[in-house]
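Enquirer: Below is the structure I would like to discuss, written out as structure tokens.
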Amino acid sequence: MNLTRAILRKAAWSVFTILFVIILNFFLFRVLPGDPARAGIRDPRLKKEAVEMLRVRFGLDKPVINCFESLNPITLGDCNVNPLDTQFFIYVRNLTQGELGISYHTNRPVADVLAERLWNTVLLIGAGQILSIIIGVALGVFAAWKARTYLDYGAVAASLVAWSLPTFWLGIILLFWGSSNGFPLAGKATPGMSSMPLLQQWGDIARHMFLPTLTYTIVYLGEYTLIMRSSLVDVLSEDYILTAKAKGLSAFQILKDHALKNAMLPLVTVIAINLGFTVAGAIQIEAVFSWPGLGSAIYEAVGRRDFPILQGAFLLIAIAVIIANFLADLTYHWLDPRVQVE
Amino acid sequence: MQTTLQTVERSNPLGVRFLGFWNTFKKSRTGVLGLVMLTVIILVAIFAPLLAPYGRLETVSISDIYKPPSALHLFGTDDAGQDVFSNFVFGARVSLTVGFFAAFISIIIGGTFGLVAGFFGGRWENFIMRFTDIMLVIPDLPLMVVIVALTKPSLLNIIFVIGLLGWTTTARVVRSQTLAVKSRKFVLRARAIGASRGHIISRHILPLVMPILVVQAVLVISLAILNESALSFLGLGDPTTLSWGQMLNYAFGRGAMSAGAWWALVFPGFGIVWVVLGLTLLGQGLEQVLNPRLDTHHLMPSRPVVQNEARAKPVPSQALLEALNLSIHYVNDEGRAPARAVENVSFTLNEGELLGLVGESGCGKTTLMLALLRLLPSAGQIVDGRVYFHGRDLTALSEVEMNEIRWSGISIVFQGAMNALNPVRTVGDQIAEAIIKHIPLYPREGIPARVTELLDLVGIAADQRDHFPHQYSGGMRQRALIAMALACNPQVIIADEPTTALDVMIQAQILELLDLLRKKLGLAIVFVTHDLGIVAEMCDKVLVMYGGVTAEYANVDVIYNDSQHPYTQELLKAFPDLTKPKKKLTSIPGYPPRLDALPAGCRFAPRCPAVFDRCHAEEPSLHQIGNDGHIASCHLIERTR
Amino acid sequence: MSKKFLEVRGLKKYFEAGRPSFFAKDPRNVHAVDGVDFTLRRSEVIALVGESGCGKSTLALLLMGLENPTAGSIKFEGMDITHLNDGERKSHDLRRKIQMVFQDPYESLNPTQTIEEIVTEPLLVHGMMNTPDRDERVQKAMEDAGLKPADVYLRRYPHELSGGQRQRVVIAAALVLEPELILADEPVSMLDVSIRAEVINLLAELRIKRQIAVIFITHDLGSVGFFADRVAVMYLGRIVEIGSMLEVLENPKHPYTKALISVIPVPNPRLRHERIILQGETPNPINIPSGCRFHPRCPVAIASCALSDPPMLSLNKSHQAACLLLVK
């Protein structure tokens, strides 16, 4: 009963956050000065008709928002317009129809460009997260188990170094190493591969994925190892572990039945909080390896000042992170009986 | 007095505090290493013009593009024919500036938000924390990219964007620390004397939030530096300066990879790793000062029992459980002498008997109890003596053999107020676990009924079986622990302060329950407590411990009516007795000794009212008094004879 | 003394405990303190006894003005102080006259302050830092609290002291303002047995030396010993019996008091006695039982106990109890 209520509350909160991001996304691109569509129409060399054409094309002829009478006396926007004919309304309406605008660079709909790339990013992040969590947990458990031995110190030192590596730089170093060891340097697949049998195609993708995934895994591995280690050391020094030991359980049984689940709790929280950082890593890795995902879309859009792509990618990433965060919260509720009754 | 107070004023408490901090900090090798690494790079940044062989952004020669490292160019040259080492040295300035200033903004915002939310609570807290939650889930690097792309990528903009987006974790950390400090009793005490909010914040909250804020600042600086380098690498750096990230951007984007110019790619990144690693290590060191962790736990291998074979093996009696001349030390890593937690303690426990183990905190009673089942923490070591259970020497058993005895022969009731039950497993499940472990042939389908039966025995309703520990009250948790201890029909139960921290009536309920079970099941019980009243009410025999040694060991009646050790006598005088209205309570002056700093001679001598010269020079041995096993360790006994 | 020193009438404090369900209109209330009356004379010591959840600590916070009462009144030296705010309390000198000592001396000292800072802090708050007798006051407070010689302790930090010494520091910080009333909330329950007597004797001494009244709050009647003049037994937010210490101990009238006294361990194995052990636990103060609030656990309850709430009956001049069985 209370659990459903808690989940509903979380869900409502996530929806609210998504709305906030949608509004933020709209105003960022309207308030900040950089958009060339608007910068361009201020260019004195352009003829009046051309300016007008551009304005209509990008919907800039419409008022930004209408005024909200309830907000008076704060004057926001124009009061003499149809609220359905404002830039904001059109932006929201387009969003509900899955339209994110047209790319300045390719003239293709942003939604189409991003849809192709979304799954590549999910693939990269998914593989990297799973690997770094599995290896990180294993290393963390090992270090905690062997606490205060040289094996432990070694694992901690390696984790601290891994944590300190700038993601893109590690990518560059691995790329450098890979270039002399026959790994593909860019992209997701070798051109022309699509005519090959499926199994071979997958093998090709896996080879392309190897270095980006390795980079990703190393970068996030350190943090997960450190958290797992300290959380497991904390749990293993709890009184109930002593109880379990007094019960005559073997060390392995204690670890498996009394410690792991409890120690995973802080890790789940950190994974949830880290989802935002995860995306940051993906952007850098995709930029280095030209992996055709959302991150490299952002990287390319920055270089080409292709703002509709940037706007769409940001929105998509933010929403994905919010949803993933919600899922992590659910996992936490499922793991810890104490939150359920509160 | 006048003079003392003035000297105190003249002395500099801040200086004293800093010295104290430094003495703790310097013990952390990681912290010191981090501080050194950070100092080096800061010095490099400050003295950049002196260190750099070439000027800032000075093109040496257009023809010298991507020259490998040489005596002339320590780190080689880059795509524009500039000296990488010089750019590296000047780049340190940019990266550190961005890191420190952005972190400063984040810390100010996060600190203020956290403090206001935590201290004032209510609507403010609600608003701030909701906003923080939103900002926390919005991925920050993409947002930074968007904002910097839409504004001018100047250094100032970058600093502000990183600073204004990097405060969320700080706000959360500071808020929870503020809440924790605010709920402590000294804040309530300050309110009770009429202190204003400003006074409470400046004198009580800030001094305890500040250290956490410093650790957080170290973390935020390193994140800011990483974010700056990522932004620059993505092509959003200030084109008029050259940070390490931007050096990498240029090199990567302008063919260093294909030219094989590893130096242009390795060295700038190395700078970032150096700073971030230095900051991380420094943070770890500071954390260690704030929140010292021993990193020890219950699963670390325990030290082997020292078997002193030279000594004649004592002959076990017919008793059910017997400790013979048991000595336990705590060894420490720092080379100091081990703490002699328990020395030469013996007792016997027969079937159905109830032995009270009495003493104040730090007297070694818990250590002794844990040693019986070889459950000592990793620093603890049985250095002498033996424990016999049914005539079997427990100190000689392997860990696997010991696991057989644990719970099925001897079980423990820990303090329910403590975290003795696993919070994420149901109570019934934890009881069943013991049965499955020790009675593997017990029919699985019968286990739930057996668990219900055990819970019924201690007065817990069957429908509570599948509840989690946090759904139980303190008294019920204690009952559940008793039920769990009974699960495998042990002959001996060790009860470790099972009623401490419970209300008097619940305490009486638990004592009655234990007494009842003991009669019904014929249990032998070792009851560890500091409460002489409980001992008098329940026990057959009493072992009074002081400072790790036996003070007195006798039948309960002897202890209360004919005690021979001054400590027992004084302890009884200090205990309020409502049947004697005229009795004035006396206290024992001084405090129990610390086990790592024991006095010479008798351990009770510094507090003893009957002390004489010999007590300070010689440790008293255990004296037999009469024939019924009364033992006391006091020189007075020899004297009176 | 014509005016009463401290007079508490019908004092109540309810806390909101959230709504039972989403659709419920009224929030549930925790009846922490639910109608408490008592008076205290100058330099008198009263023990306030009850199990956890009986409201004794909330009562202390109400008396200190750290919580606002829901109903009732508190009069101190004849003045109504029930609803004074922080500033008014300070201007009427209440923040000086009434001091509090808490249970846990580890928690009630700021670890970053020196003992001197802790003991002089009340003077700083009350703007008495620069009075000529400041040093003398500090010295006297510390020595009266048993921290002799005072200057040995001044520059130390709390973690360098033992539990008993820390509790003495807390007491010294209270004494430095020369209070008239000290509220001591479980001041010895965290201390070792051999040191408890020391703190109790110290409070007893102060009361004689400085004419300080003490409200001694505890869950363990045994720990008070005979230091208190009177004892008030609380159950679920109410005082159920109040009287002189000797009389209540020797001749308890309320079944709850009887049970509470019977379970105090007697440190003499020859005097093992019959104990009245109440079953179950104190009910949740959200749902107060009907009639006499003690009736569900009362070993001698009769049918009418569930129906009517017993009034406080005066048994003699100095002994009152609230039980229907006493109504004849």
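The values are calculated or read from the model by the stated rules, or taken from the named source; none is laboratory data. Source: prediction; values computed, not measured. Reconstructed Cβ throughout: ideal geometry from the backbone, glycine too, with neighbour counts over all protein chains shown. When the accessible area is computed, the model is the full protein with side chains, heavy atoms only, and any ligands, DNA or RNA have been set aside. Shrake-Rupley method; radii C 1.70, N 1.55, O 1.52, S 1.80 Å.
Enquirer: If you take the charge dipole of the protein assembly as shown about its Cα centre, with +1 on Lys and Arg Cβ and -1 on Asp and Glu Cβ, which of A:Leu310, B:Ala339, C:Ala172 is farthest toward its positive end?
Expert: C:Ala172
Enquirer: Can you list residues from other chains, or at least 5 along the same chain, whose modelled amide H is less than 5 Å from the amide H of B:Asp393?
Expert: Sorted by chain and number, the residues that satisfy this come to none at all.
Enquirer: Could you work out the mean count of beta carbons from other protein chains within 10 Å of each residue's beta carbon in B:242-249?
Expert: 1
Enquirer: Another question, if that's okay. Amide H of B:Asp64 versus every other amide H placed in the peptide plane: which residues, excluding those fewer than 5 positions away on the same chain, fall under 5 Å?
Expert: So B:Asp64 has HN proximity to no qualifying residue.
Enquirer: Please identify every one of the GluC sites (Glu not before Pro) in segment C:21-120 that sits in a loop by DSSP and has no more than 11 other beta carbons within 10 Å of its own beta carbon.
Expert: When the GluC sites (Glu not before Pro) of segment C:21-120 are filtered for loop state and at most 11 Cβ neighbours within 10 Å, nothing remains.
Enquirer: Which of C:Ile195, C:Val152, C:Leu183 sits closest to the plus end of the dipole of segment C:124-227, meaning its Cα is farthest towards the positive end, when Lys and Arg get +1 and Asp and Glu get -1 on the C-beta?
Expert: C:Val152
Enquirer: Hey, another quick one. Checking an interface number: how much accessible area is buried between C and B, summed over both chains, with a 1.4 Å probe, in Å² rounded to 100?
Expert: Heavy-atom accessible area buried at this interface is about 6700 Å².
Enquirer: In chain B, once you exclude exposed GluC sites (Glu not before Pro) (DSSP loop, at most 11 other Cβ within 10 angstrom), what's the longest stretch remaining?
Expert: Maximal segment without exposed cleavage sites: B:1-308.
Enquirer: Taking every pair of alpha-carbon atoms in chain A, what share in percent sits in each 10 Å bin, from 0 to the bin with the longest distance?
Expert: Pairs per bin, as whole percents: 5, 19, 24, 23, 17, 9, 4, 1, 0.
Enquirer: What are the residues of segment A:153-172 that lose 50 Å² or more of accessible area, with a 1.4 Å probe, going from their chain alone to all protein chains?
Expert: Correct list: A:Leu160, A:Trp163, A:Ser164, A:Pro166, A:Phe168, A:Trp169, A:Ile172.
Enquirer: Does segment B:260-304 come out rounded, prolate or oblate, given a ≥ b ≥ c as the square roots of the eigenvalues of its C-alpha gyration tensor, rounded meaning a/c under 1.5 and, failing that, prolate meaning a/b above b/c?
Expert: Oblate.
Enquirer: Next up: Considering only chain C, what is the antiparallel percent among its DSSP beta bridges, to the nearest 5?
Expert: Antiparallel bridges make up about 60 percent of those DSSP assigns within chain C.
Enquirer: Please report, in whole Å, how far the alpha carbons of segment B:316-406 spread along each principal axis, starting with the longest.
Expert: Computed over the Cα atoms, the extents are 42, 32, 19 Å.
Enquirer: Let me ask another. Go through C:Lys56/C:Lys148; B:Lys185/C:Lys317; B:Lys365/B:Lys573; B:Lys573/C:Lys317 and tell me which ones have a Cα-Cα distance over 27 Å in this structure.
Expert: Beyond 27 Å between Cα atoms: C:Lys56/C:Lys148; B:Lys185/C:Lys317; B:Lys573/C:Lys317.
Enquirer: Averaged over B:192-202, how many beta carbons belonging to a partner chain fall within 10 Å of each residue's beta carbon?
Expert: 6
Enquirer: Dipole magnitude of the protein assembly as shown about its Cα centre, charges +1 at Lys/Arg Cβ and -1 at Asp/Glu Cβ only, in debye to the nearest 20?
Expert: Here the size comes out at about 1500 debye.
Enquirer: Give me the summed buried accessible area for the B-A pair, 1.4 Å probe, to the nearest 100 Å².
Expert: 7400
Enquirer: Restricting to Cα pairs below 8 Å that are 6+ residues apart, what does the relative contact order work out to for segment A:110-335? Please round to a whole percent.
Expert: Reported as a whole number, the value is 30 percent.
Enquirer: Next up: Quick one: which residues, 5 or more positions from C:Val263 or on another chain, have an amide H under 5 Å from its amide H? H modelled 1.01 Å from N in the peptide plane, none for Pro or chain starts.
Expert: Amide H to amide H, under 5 Å and 5 or more residues apart or across chains, C:Val263 pairs with C:Ile276.
Enquirer: Can you pull the three principal axis extents for the Cα set of segment B:442-504, in Å, largest first?
Expert: 39, 29, 16
Enquirer: Report, ordered by chain and residue number, the aspartates and glutamates lying within cross-link reach of B:Lys27, taken as a straight Cα distance under 16 Å and ignoring same-chain residues fewer than 8 apart.
Expert: Of all the aspartates and glutamates, those that pass the test against B:Lys27 - Cα under 16 Å, at least 8 places apart if same chain - are B:Glu287, B:Asp295, B:Asp333, B:Glu334.
Enquirer: Rg to Rh for segment B:479-565: what is it, with Cα atoms only and Rh by Kirkwood?
Expert: With Rh from the inverse mean 1/r over Cα pairs, Rg/Rh is 0.98.
Enquirer: Loop only by DSSP, 14 or fewer other Cβ within 10 Å of the Cβ. Give me the GluC sites (Glu not before Pro) in segment C:240-292 that pass, ordered by residue number.
Expert: In loop regions of segment C:240-292 (DSSP not H, G, I, E or B), the sparsely surrounded GluC sites (Glu not before Pro) are C:Glu274.
Enquirer: Once you keep just the Cα pairs under 8 angstrom separated by 6 or more residues, what percentage relative contact order results for segment C:48-186?
Expert: It comes to 32 percent, rounded to a whole number.
Enquirer: Okay, next question. Residue by residue through segment A:87-104, which ³J(HN,Hα) values in whole Hz follow from phi under the Karplus form 6.51 cos²θ - 1.76 cosθ + 1.60 (θ = phi - 60°), with glycine and proline marked x?
Expert: Taking θ as phi minus 60°, the curve returns 4, 5, 5, 5, 4, 5, 4, 4, 4, 5, 9, x, 9, 10, x, 10, 5, 5 Hz for segment A:87-104.
Enquirer: Apply the Kirkwood formula to the protein assembly as shown: the hydrodynamic radius equals the inverse of the mean of 1/r over all pairs of different alpha-carbon atoms; give it in Å with one decimal.
Expert: The Cα-based Kirkwood calculation yields 35.8 Å.
Enquirer: What does the structure give for C:185-193 when I average, per residue, the other chain Cβ atoms found within 10 Å of the residue Cβ?
Expert: Per residue, the average neighbour count from other chains is 4.
Enquirer: Based on the Kirkwood radius over alpha-carbon pairs, what is the Stokes-Einstein translational diffusion coefficient of segment B:87-294 at 20 °C with 1.002 mPa s viscosity, in µm²/s?
Expert: For the chosen part, D equals 115 µm²/s.
Enquirer: From the P(r) of segment B:408-556, could you give the percentage of C-alpha pairs in the tail past 18 Å?
Expert: Beyond 18 Å sits 58 percent of the P(r) for segment B:408-556.
Enquirer: Here is a further query. Using the 2.2 N^0.38 Å rule of thumb for compact globular proteins, work out how chain B stacks up: its C-alpha Rg over that value, please.
Expert: 1.31
Enquirer: Here is a further query. First select every other residue whose beta carbon is under 14 angstrom from the beta carbon of A:Ile283; then total the charges, Lys and Arg +1, Asp and Glu -1.
Expert: Summing Lys and Arg as +1 and Asp and Glu as -1 gives -2.
Enquirer: While we're looking at this one, here's another question. May I have the extent of the alpha carbons of chain C along their three principal axes, as whole Å values ordered from largest to smallest?
Expert: That gives 66, 57, 46 Å along the principal axes, largest extent first.
Enquirer: Going by alpha carbons, how many degrees (0 to 90, nearest 10) lie between the helix axis of A:260-289 and the longest principal axis of chain A?
Expert: Taking the Cα atoms of chain A, the angle to A:260-289 is about 40 degrees.
Enquirer: How many nm separate the modelled label positions at B:Ser361 and C:Leu315, each set 7 Å beyond the Cα in the direction of the Cβ?
Expert: That separation, rounded to one decimal, is 3.7 nm.
Enquirer: What list of ³J(HN,Hα) couplings, whole Hz, do you get for segment A:201-212 from phi and the Karplus terms 6.51, -1.76, 1.60, once you set θ to phi - 60° and write x for glycine and proline?
Expert: Using θ = phi - 60°, the values come out as 4, 5, x, 5, 4, 4, 4, 5, 6, 3, 5, x Hz.
Enquirer: Which pairs, out of A:Lys62/A:Lys188; B:Lys519/C:Lys258; C:Lys4/C:Lys253, put more than 30 Å between their alpha-carbon atoms?
Expert: As for pairs spanning more than 30 Å Cα to Cα, those are A:Lys62/A:Lys188.
Enquirer: Further question: Would you mind calculating the relative contact order of chain B from Cα pairs under 8 angstrom and at least 6 residues apart, reporting the percent as a whole number?
Expert: The value is 11 percent.
Enquirer: Hey, another quick one. Could you give me the ³J(HN,Hα) list for segment A:144-149, computed from phi with Karplus coefficients 6.51, -1.76, 1.60 and θ = phi - 60°, whole Hz, x at Gly and Pro?
Expert: Rounded to whole hertz, the list is 5, 4, 9, 3, 6, 10.
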